[in-house]
Amino acid sequence: MQDDQFQFAASMSATAEHGALLRTARKAQGMTLQDAAQRTRIPMRTLEALELGEWDRAGAGVFVRGQLRSYGRLLGLDTSGWMEEAPAVEPPKLVSHQRTPMAQRFVDEIGRKLVYVVITLTIGIPVWLMATRSPVATLPGETASLEVPKTAASTPAQSAAPAQHAPESQPRQAVAMASMAPVPGQAGVPAAALSIRFDGESWMQAYAPDGSVIEKGLVKAGESRSFASGQLGRITLGNASQLHVEHAGQAVDLTPYIRSDVARFAVSSDGTPGSVSN
């Protein structure tokens with residue numbers, strides 16, 4: 001037990017020593033953590049963990065090794081001898097597969113083919129029936145109205161008969177015109193007052209105007225958040241260099257609100273960002 005504690009303490013001191021070398025080399029080149037993160041494309045909090053010697057917090061072993069190589073290459077340091085202190089890489093777990101008997105495989109293959117045949121018939125038969133039907137359906141009530149009486153021109157009295165039914169055609173014409181009137185569409189949903197897209201892993205603290213917490217915690221890369229007018233009172237966003245904020249569809253410049261890659265700003269009732277009052 002004491003030997004394990006001694007080895008853990010030695011590993012911690014070694015990682016802390018390596019981290020101090022990284023920090024010293026970076027400062028000697030006049031480079032900030034934000035500059036190093038942009039040039040290596042490694043999150044700034046990960047570089048900070050490497051410089052503090054907290055390599056377990058930087059991620060899995062395989063990622064820490066790659067990050068050390070990239071960071072050392074940027075600073076001109078040989079980090080190949082530091083890999084022993086990096087978190088161990090767990091070997092892949094081997095999963096045993098049971099061999100399927102020949103008869104079982106034959107039954108499974110027949111079953112899959114039968115399913116394919118059933119699906120094909122289920123889709124194909126309705127399509128065939130629709131294709132063989134007449135494309136134009138004749139309404140039985142309208143057939144007689146389209147036929148011209150053969151004795152329509154035999155007598156003047158009969159030729160004047162259709163004029164007596166002329167007024168009845170006016171209501172039908174009015175109904176047809178009313179049915180062709182356009183139906184007003186539903187009003188569109190208004191766009192969000194403030195929207196945030198997280199291009200990298202970050203964290204956020206969102207508060208309502210009354211000070212109650214709306215959301216607080218880590219946010220994964222690729223996620224987004226949208227807030228309606230009057231929903232937000234103030235918000236704090238970590239890893240601000242990996243964020244894209246829009247107000248009413250227009251991009252918002254977070255530079256005035258960023259300190260140490262953390263953006264803090266108040267939000268008005270219409271979603272406009274502003275400085276946080278002390």
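Pro273 sits among other residues whose Cβ lies under 12 Å from its own Cβ, and their net charge, with Lys and Arg +1 and Asp and Glu -1, is -1.
Here the simple spin-label model places points 7 Å from the Cα toward Cβ, and for Leu52 and Met83 these points are separated by 2.7 nm. With the Cα gyration tensor of region 13-73 giving a ≥ b ≥ c as the square roots of its eigenvalues, does the rule (a/c under 1.5 for rounded; else a/b larger than b/c for prolate; else oblate) give rounded, prolate or oblate? Cα axes put region 13-73 in the oblate bin. If I model a spin label at Arg105 and Ala16 as a point 7 Å from the Cα along the Cα→Cβ vector, what separation in nanometres do I get? According to this spin-label approximation, the distance is 6.0 nm.
Grab the Cα-Cα distance for Asp35 and Val276, subtract it from 0.36 nm times how many residues apart they are, and report the gain in nm with one decimal.
84.1 nm
The packing ranking of peptides 201-208, 117-124, 73-80, highest mean first, is 201-208, 73-80, 117-124, where packing means the average number of other beta carbon atoms within 10 angstrom of each residue.
How long is the gain from Thr132 to Thr24 if the chain were fully straight, where each residue apart is worth 0.36 nm and the alpha carbon distance is subtracted?
Details: separation 108, 0.36 × 108 = 38.88 nm, distance 8.19 nm.
The span from Thr132 to Thr24 would gain 30.7 nm if fully extended.
Given the peptides 224-234, 238-248, 252-262, arrange them by the average over their residues of other C-beta atoms within 10 Å, most packed first.
Sorting 224-234, 238-248, 252-262 by mean packing, highest first, produces 238-248, 224-234, 252-262.
Using r as the Cβ-Cβ distance of Val118 and Leu218, and R0 as 35 Å, what FRET efficiency do you calculate, to the nearest 0.05? Rounded to the nearest 0.05, the efficiency is 0.15.
No lab work stands behind these numbers, since they all come straight from the coordinates. Nothing here was measured: the structure is a model prediction, and the numbers come from that model. A quick note on method: Cβ atoms are made from the backbone with ideal geometry, for glycine too, and the neighbour counts reach across all protein chains shown.
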